[in-house]
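The next block holds one structure in the form of structure tokens; read it before the comments.
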Protein chains: 2
Amino acid sequence: MQLDHVFGALSDATRRAIVMRLCDGEASVGELAKPFEMALPSLMKHIRILESSGLVASEKTGRVRMCSLQTEALATVEGWLAVQREIWEQRLDRLETYVEKLKKREKSNARKRRSK
Amino acid sequence: MQLDHVFGALSDATRRAIVMRLCDGEASVGELAKPFEMALPSLMKHIRILESSGLVASEKTGRVRMCSLQTEALATVEGWLAVQREIWEQRLDRLETYVEKLKKREKSNARKRRSK
DNA sequence: ACTATAGTTAGCTTTATGGCTAACCAATCA
DNA sequence: TGATTGGTTAGCCATAAAGCTAACTATAGT
């Protein structure tokens, strides 16, 4: 399950809609197709992409294929974002304490100037 | 700042690397280019894409262009994921309580059967 | 003024994406 | 068994993506 493919899969509104639908529970290809104007084969392509990205799994029984969300894939993406957030927040924290330091120095300098 | 474009921008390893680099603070185009084997114009394209997705902002002073992370864009993506997670977790909760109910009924049925 | 640096523009290739139609299985249902 | 339903394959098209080179612009340093 590659980050590239997961992000790629989510970069299309149709596919995000499918993912959102599947958050509510399993669905057949037909059910998934209903809300869209798209021809079935086009929609199937999207499902394939979702599958190969690891976001969706499906299994065929009889003639209907049921699709379900693979939440781990979404969790992986969340994880990546969380890591980045941590990094930039740490940096902002350092920056803030640095600015604090500057301010204090400013004040003490001001005192010195006044007492000259 | 469209979800489509943000996810699309993040679906490329080079661009994710740039984003990661920028989490550590501002950088010029040249600095960003260093770690990659890519020709400059190719890298510039990536920067453009990151900019048009809203993930990165840049400003040119003199002859160097400084790029910085726009954390709101990343936050938006995190938000979308969080919403989906909430939905599927609620469903799993409902499912769990449903299974609990079934179990209890099973037990009470078992008691009834025993007391027959 | 000359040269080196830092980006930028233009234009080309190759490959991938997103959509379509038409024809084709394979399981149900009547 | 014959028709219907649910999905699948194959193949076409238009556009966008990711890379390149070559040539250009505009600042900074000497």
Residue check for A:MET1: modelled with pLDDT under 95 and aliphatic (A, V, I, L, M):
yes
Which condition from (1) within 14 Å of DNA strand C (Cβ to nearest atom); (2) buried (at least 19 other Cβ atoms within 10 Å of the Cβ); (3) of a type in the set (Val, Ile, Thr) is the one that A:VAL77 breaks?
(1)
Filtered residues of region A:31-53 (kept if of a type in the set (S, T, N, Q) and either open to solvent by 60 Å² or more (accessible area, probe 1.4 Å) or away from DNA strand D (no atom under 13 Å from the Cβ) (or both)):
A:SER52, A:SER53
Would you point out the residue of region B:1-10, among those that are facing another protein chain (nearest Cβ under 10 Å) and open to solvent by 30 Å² or more (accessible area, probe 1.4 Å), that is farthest from A:GLY8 (Cα to Cα)?
B:GLN2
Within region B:11-30, restricting to residues that are under 16 Å from A:VAL6 (Cβ atoms) and within 12 Å of DNA strand D (Cβ to nearest atom), the one that is surrounded by the most Cβ atoms within 10 Å (Cβ to Cβ) is B:ARG15
What tally of residues in region B:26-51 results from selecting those that are within 14 Å of chain A (Cβ to nearest Cβ) and either in a helix (DSSP H, G or I) or at pLDDT below 95 (or both)?
3
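The values are calculated or read from the model by the stated rules, or taken from the named source; none is laboratory data. Remember, predicted model here, so these are calculated numbers, not experimental data. Positions of Cβ are generated from backbone atoms using ideal geometry, with glycine treated the same way; all protein chains shown enter the neighbour counts. Accessible surface is based on the protein model in full, side chains and every heavy atom, while ligands, DNA and RNA are left aside. Shrake-Rupley method; radii C 1.70, N 1.55, O 1.52, S 1.80 Å.
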